[in-house]
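Participant: First, the structure itself, so that you have it in front of you.
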Ligand SMILES: [Zn+2]
């Protein structure tokens with residue numbers, strides 16, 4: 001199963017994705033995480049990418065397509081994978097389709113988590129991420145057991161630089177103009193499935209599983 005999870009920033013893509021990959025035992029491919037890892041490892045691709053991320057901009061298509069190509073051609077992504085946070089533009093989607101075609105495969109489903117801007121603002125400002133393992137929490141919807149401490153690895157939780165109000169506003173604007181057209185792109189391919197994201201984390205997850213068990 002090769003799937004893509006979409007939705008505006010703050011819709012819970014990351015948290016849902018980590019639960020899905022656990023259930024179906026598939027690698028999760030998050031460009032955001034790969035860029036952060038590359039940045040922490042002082043790799044030039046990570047340093048370049050972080051310049052965009054810090055401004056709340058999308059990382060350029062060239063850099064993004066390259067990091068995805070490197071990852072998707074690894075052995076563990078041969079039969080199953082989940083893409084989280086990529087593609088974000090139609091140009092990237094076309095590059096992805098070309099790459100998959102070269103690999104003689106295709107996407108099976110695109111899950112789109114729908115949410116309103118009000119809900120997204122509230123959620124993103126309440127989001128906290130683990131410094132060590134990258135697990136994400138919400139102060140209201142998915143609280144850590146111990147305040148400011150990661151449940152999984154006891155790492156320290158922090159607010160990502162791109163989760164501040166101004167940056168969130170910018171990311172939502174970018175989503176509307178650059179990422180939303182992707183919904184049409186995948187709808188035309190007949191692989192788009194919409195899920196209501198304005199419910200509890202577990203209810204959203206159950207709706208996604210209903211879709212995935214059907215394909
Ligand atoms: Zn952690």
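Participant: Starting from the 7 Å offset along Cα-to-Cβ, what nm value, one decimal, do you get for the label separation of residue 146 and residue 187?
Facilitator: 4.8
Participant: If we count other beta carbons within 10 Å of each Cβ, what is the order of 116, 136, fewest first?
Facilitator: Lowest to highest Cβ neighbour count: 116, 136.
Participant: If you average the sequence gap of Cα pairs under 8 Å that are 6 or more apart and divide by the length of the range 60-215, what percent do you get for the contact order?
Facilitator: Working: 143 pairs, mean separation 42.9, N = 156.
This gives 27 percent for the range 60-215.
Participant: Can I ask one more? Of the candidates 21, 145, 132, which one comes out as most mobile in a Gaussian network treatment of the chain with C-alpha springs shorter than 10 Å?
Facilitator: The residue with the greatest mean-square fluctuation here is 145.
Participant: Here is a further query. Taking the Cα centroid of the range 60-90 and of the range 116-191, what is the distance between the two, rounded to the nearest whole Å?
Facilitator: Cα centroid of the range 60-90 versus Cα centroid of the range 116-191: 20 Å apart.
Participant: Test of understanding: what is the full-extension gain from residue 203 to residue 79, defined as 0.36 nm times their sequence separation minus their Cα-Cα distance?
Facilitator: Numbers: separation 124, 0.36 × 124 = 44.64 nm, distance 2.77 nm.
Residue separation times 0.36 nm, minus the Cα-Cα distance, leaves 41.9 nm.
Participant: Multiply the residue gap between residue 122 and residue 55 by 0.36 nm, knock off their C-alpha separation, and tell me the result in nm, one decimal place. Walk me through the intermediate numbers first.
Facilitator: Values: separation 67, 0.36 × 67 = 24.12 nm, distance 2.03 nm.
Length difference between fully extended and current span is 22.1 nm.
Participant: For residue 70 paired with residue 97, estimate the spin-label separation in nm (one decimal), with each label point 7 Å from Cα along the Cα-to-Cβ line.
Facilitator: It is 2.7 nm.
Participant: Out of all DSSP beta bridges in the chain, what portion is antiparallel? Express it as a percent rounded to 5. Display every interim value, and only then the final one.
Facilitator: Details: 7 of 23 bridges.
Close to 30 percent.
Participant: Over its Cα atoms, what ratio of radius of gyration to 2.2 N^0.38 Å does the range 1-50 give? Provide the component values of the computation, followed by the final result.
Facilitator: Working: Rg = 12.7 Å, N = 50, 2.2 N^0.38 = 9.7 Å.
Compactness ratio reported: 1.30.
Participant: Next question. Could you check which residue among 155, 56, 197 shows the biggest mean-square fluctuation in a GNM of the chain with a 10 Å Cα cutoff?
Facilitator: Of the options given, 155 has the highest mean-square fluctuation.
Participant: Same structure again: If you average 1/r over every pair of different alpha-carbon atoms in the range 23-97 and take one over that average, what Kirkwood value in Å do you get?
Facilitator: The Cα-based Kirkwood calculation yields 12.8 Å.
Participant: Could I ask something else about it? How big is D, in µm² s⁻¹, for the range 88-188 by Stokes-Einstein at 10 °C and 1.306 mPa s if Rh is the Kirkwood radius over C-alpha pairs?
Facilitator: Details: Rh = 15.9 Å.
Result for D is 100 µm²/s.
Participant: In what sequence do 1, 34 fall when counting other Cβ within 10 Å, fewest first?
Facilitator: By the 10 Å Cβ count, ascending, the order reads 1, 34.
Participant: Then there's this: Please order 105, 73, 89 by the number of other Cβ within 10 Å, starting at the fewest. Don't jump to the answer; show the numbers that get you there.
Facilitator: Details: 105 15, 73 12, 89 20.
The fewest-first ordering by Cβ neighbours comes to 73, 105, 89.
Participant: Okay, next question. With a Cα-only, solvent-free Debye model of the chain, what are the log10 I(q)/I(0) values at q = 0.13, 0.18 Å⁻¹?
Facilitator: -0.73, -1.56
Participant: Between residue 104 and residue 25, what length in nm is gained on full extension when 0.36 nm per residue of separation is reduced by their alpha carbon distance?
Facilitator: 26.3 nm
Any read-out appearing in this document is the output of simple, stated calculations on the displayed coordinates, not a laboratory observation. Only a predicted model underlies this, so the values are computations on that prediction, with no experimental measurement involved. Heads up, the Cβs are rebuilt from the backbone with ideal geometry, glycines too, and the neighbour counts pull from every protein chain shown.
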